[in-house]
Every structure is written in structure tokens, then in C-alpha cells.
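Read through the structure below, which is laid out as C-alpha cells, and then see the notes.
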Amino acid sequence: MTKRIGPDGPHADKGVRATRRAVATGIVAAASVAACGGGGGGSSTPAPTGPTGSSPAPLPGSTSARFPLSAPTGRRYLVDANNAPFLARGDAPWQMINVLSREDAVRYLDDRASRKFNAINLQLILNREGVRPPNFYGQSPFTGAPFATPNEAYFQHADYVLQQAASRGFLIFLCAAWCGALTLDWYPLMQQAGAATLKEYGRYIGNRYRSLNNIIWMHGGDTYPPDKSLVTSIVDGIKEVDPVKLHTVHGNRSSDVLEYWGGSDGAWINVSSAYTAADDVVPLCAQQYTKPEGRPYYYIEGWYENERGATELDLRRQAYQSLLLGACGHMFGNYPMWALDSGWQNALSSNGAQHMTRVWDLFLSVRWDLLVPDLNNQFLTGGIGSGANTAVAAVASDRSFALVYTPQTRTLSVNLGGLAGPAVQARWYNPQTGAFTSAASSNPAASGNFNFTPVAGDDWVLVLQSA
């Protein structure tokens, strides 16, 4: 059994210890894995629903998604095969395929489905700081030369896990080869394999998973590979046999992935990503949202629960800030959950996971797909703050409702003229409990600035709806 790495190791800065040295490289023989719907159920939380009518359409996410997903031009979110907006409500059990038994994988998936998660970051083959342990059943991903000799027995187990995820409606962000630390992980072995072998590997996994419609392929992994062709060879191989699936990229923390993967080098990227520290969520997410390429982006990783001293407030703050800044999904993370290390079963019900369910509850109860980030603070005009404690707002494109998140208890000044009105119903949503309280003694008019001050506590969401 490979030695486990504690919480100070796997998420240490690049070049010291690379994070989650694992690759999601599914090679599924000729298995024809049927695509399944997903998306999870709606919420009973009595939050605003935006525009109403005599026969309102179901709220996005309140019904099962129909895969595959796509990223239509001009939209900053993903849509399913029925053209319904899809919000990725994610977790990061990166090493599940390699570490867990079939029974435990099902236990994990059932738990996350019950908590309204509908997406996961996964790695299929594991290279943990230069150590490539076999899976739970003693099978390694390759019988010989890496990338050239896939082990059918290993990937049959991977097939099972992926099929179970699909049957429960999970979107899988699946990494094809985790580059990680450039002297460890898969990158040096990718160099040894060469572009031709990697392209063939891409064809293999692309063909194997061609019928599994709930996959978005992920590439890179905690670094920017000096030789980009090693990554793009895998991409090209997948696309040759499966041109439909979307692709995303995992880069370095606190950096702009589309700066490194710019121009033609990154033409294969359909969904961008934001990978942040605790204090740069706002600038990095705003940067991705305003990119001229207009791609949707998702919050791929931030501070994880039980690592780097992350607080529960940090976990909530990352979620609300990223989603209100236009992310098409948010991926929560926890140690020991990402590595499925000892104690992961108890972590299923961690405080962080419970907070995420309350995030999902709020967003599933509104027309989140209409939200447009208030990047220039024309709506939220006061109480904005700075750094990690920056308050953020988003207003529905039809001006029917708005959400304002503040990481600290302070007075917020809001330009209610940004809503359609004629009046505005105002409520506070408590991210720690999921409870609502009134934010005003009466409904103010939808005009001019109005000050709202929450009661004592940490963070709050101000929910404003035209009335």
C-alpha cells in the first residue's frame, strides 16, 4: 500500500509537492456505456424564482439533465441535450477509481447525490508523487510501458465506477493524464512515451468512452507543461474518435489558464477554469468571465476543507463568490475526501459538505442562468469591501431578481433601480443555516440606493426580488 500523504503535502505549492498526483485516464475496452441523465432534484427552499408566468418553466436543475452537455456560443453556462441550463454542483474525490472498492464507490456516489451534488472531478490512473499504486483490486493501469499497454482488468473496474456515476446523473470531469510536478507524476512518462503514443492513447480512451455522454475531458493538472504537444496529442486522439465531447484544463493555482493556453494552442478548450487561493477568487473569476473568448468557465479548485487552515467561511465564500461571478459550476474539496484517505467515510457529512448543499438549495431555487455579474458595481454601490472579503452581486438579465453576497456583516448599499419593480421584496439568506429572514420592514420602491444591514454573524446573501 502506498504511503498516504497528509493534508500539508498534497496541496502544497507546485514544485514542492504536486497535488493529487492522479490522472483520470479511462480506457474502457469496447464497453458501450449508455449515457444517463442526471442533474439532481430541485430544492424546497423558499427562495425567489425570478420571472413568473401562468405556466412557468421548471427551474434550471430542478429536473434531471439529459446528457451530453454543450457550450453554445454566447452563453456563459452549459446546457444539456434539451437546451436546459446545467449548473455543475461538484465535489472532488479525485482518486476514487484507484482507491475505492466498487461497494465504497457506490456508497460515496449515493451520499453525494442525496446532498444535491451532480458533478465530480475524477482521475482514472494514479501517479502519486512518482509512486503508481495498483487499484483496490491489485490492478495497475498499464501492464508495461505507460500509455502504450492499458490493463483491461484495471479499466473494467474504472468502467464500473463511471457507469455507476452516470446512472446517478453525475457529470464527470475526467482527467486524461495528470501532468502534476514536472519531475514526478505522469509528465516525465508522457515525455518518454512521445506524441505518437499519447495520440494513440487518446484514441483508445476516446473510443472507449465515446458512448458515455456525461464526461467532460480534463487535461493538464496542477501545472503548465513545457511541451504542450504532449497534452494536445491526447486531445487530438480523443477528438479524432469522439469530436462531440467537451474539454477543459486544470492549470496552476492563482493563474490565468487561457494566458498559457492562448490562441491556437488552446483552441481545443471548450470550458475554461478558475483555480484559486482563498483571497483571489474575485479577481481570477472576474478575469475568466470577461475573457474575449466568451467561453464558460467553472471553479475547478480552491482551498479544501481541512487543508491550509481553510475555515468554513472560506469554503462558503469561494462558492458564492465564484457562482455570482458567472462560474458555470463550483467544485468543493475536502481532505481526506480528495484522496479517499483514512476517515473519508466520516468526511461525507462534513460541515463543508453541508454548507454546499445550502449553496445548491439557493441556486436551484432561482433562475441562476439569468444572473449577470455586477462587475462594475452599478448595482452594489456600497459595502463592497476588498480582498477575500469582497462582496459580490449578480442581477437577472430581465431585472426580476438579484443576489448579493457579503463575507462579513456590514451595511450594503444597493441601487434598487437595477430591478424591474415596481417594489422590491428583500430577504437575508443565512449560508450557515439555510434560513431566511426579512431584510426590510416593508417592500421598498425599485429606485435609488437603499441600505441593508444584516444581524450579527459572518456571511449573508441578500435576496432581492421584484414585487
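Lysine pair count for the chain with Cα-Cα distance under 21 Å and sequence separation of 8 or more or different chains is 7.
Rounded, prolate or oblate: pick one for the range 370-466, where a ≥ b ≥ c are the square roots of the eigenvalues of its C-alpha gyration tensor, a/c under 1.5 means rounded, and failing that, prolate if a/b is larger than b/c, else oblate. Judged from the Cα gyration tensor, the range 370-466 comes out oblate (a/c at least 1.5, b/c at or above a/b). Think of it as helices only: each DSSP H run of n ≥ 4 in the chain is worth -39500 (n - 2.57), and spread over all residues that comes to -7500 deg cm²/dmol at 222 nm. Averaging the sequence gap over all C-alpha pairs within less than 8 Å and six or more residues apart, then dividing by the number of residues, gives the chain a relative contact order of 16 percent. Can you give me the C-alpha center-to-center distance between the range 400-421 and the range 205-227, rounded to a whole angstrom? Their Cα centres are 39 Å away from one another. With the biggest extent put first, the Cα atoms of the range 96-227 measure 43, 29, 28 Å across the principal axes.
Using the Cβ-Cβ distance between Asn83 and Thr149 with R0 = 45 Å, the FRET efficiency computed as 1/(1 + (r/R0)^6) comes to roughly 0.60.
Sorting 443-452, 206-215 by their mean Cβ neighbour count within 10 Å, with the most densely packed peptide first, gives 206-215, 443-452. Report which label in (i) 4, 22, 32, 25, 12, 5, 1, 0; (ii) 4, 21, 33, 29, 12, 1, 0; (iii) 4, 18, 28, 30, 16, 3, 0 holds the value of P(r) over Cα pairs in 10 Å bins from 0, in percent derived from the coordinates of this structure. Label of the calculated value: (i). Taking the Cα centre of the chain as reference, the dipole from Cβ charges on Lys and Arg (+1) and Asp and Glu (-1) amounts to some 500 debye. Here is the result for the range 112-204: no chymotrypsin sites (Phe, Trp or Tyr not before Pro) lie in DSSP coil with at most 10 other C-beta atoms within 10 angstrom of their C-beta.
Which whole-number percentage describes the relative contact order of the range 370-466, with Cα contacts under 8 Å and a sequence gap of 6 or more? Computed over the range 370-466, the figure is 31 percent. When only DSSP loop residues count, what GluC sites (Glu not before Pro) in the range 72-168 have their Cβ near at most 13 other Cβ atoms within 10 Å? Of the GluC sites (Glu not before Pro), not one in the loops of the range 72-168 has a Cβ with at most 13 other Cβ atoms within 10 Å.
Using C-alpha pairs under 8 Å with a sequence gap of at least 6, the mean separation divided by the residue count of the range 302-458 gives a relative contact order of 19 percent.
Sites listed here are GluC sites (Glu not before Pro) in the range 280-325 whose DSSP assignment is loop and whose Cβ has at most 16 other Cβ atoms within 10 Å: Glu293. Applied to the range 309-317, the Karplus parametrisation 6.51 cos²θ - 1.76 cosθ + 1.60 on θ = phi - 60° returns per-residue 3J(HN,Hα) values of x, 4, 9, 4, 4, 4, 5, 5, 4 Hz, with x for Gly and Pro. Close amide H pairs (under 5 Å, H built 1.01 Å from N) link Ile125 with Val23, Ala24, Thr25, residues at least 5 positions away or on another chain.
Between Ala440 and Arg308, the modelled labels are 3.8 nm apart [label points 7 Å from Cα along Cα→Cβ].
None of the figures in this text is laboratory data; all of them are computed from the coordinates on show. Values in this document were obtained by computation on a predicted structure and should not be read as measured data. We place every Cβ from the backbone using ideal geometry, glycine too, and count neighbours over all the protein chains shown.
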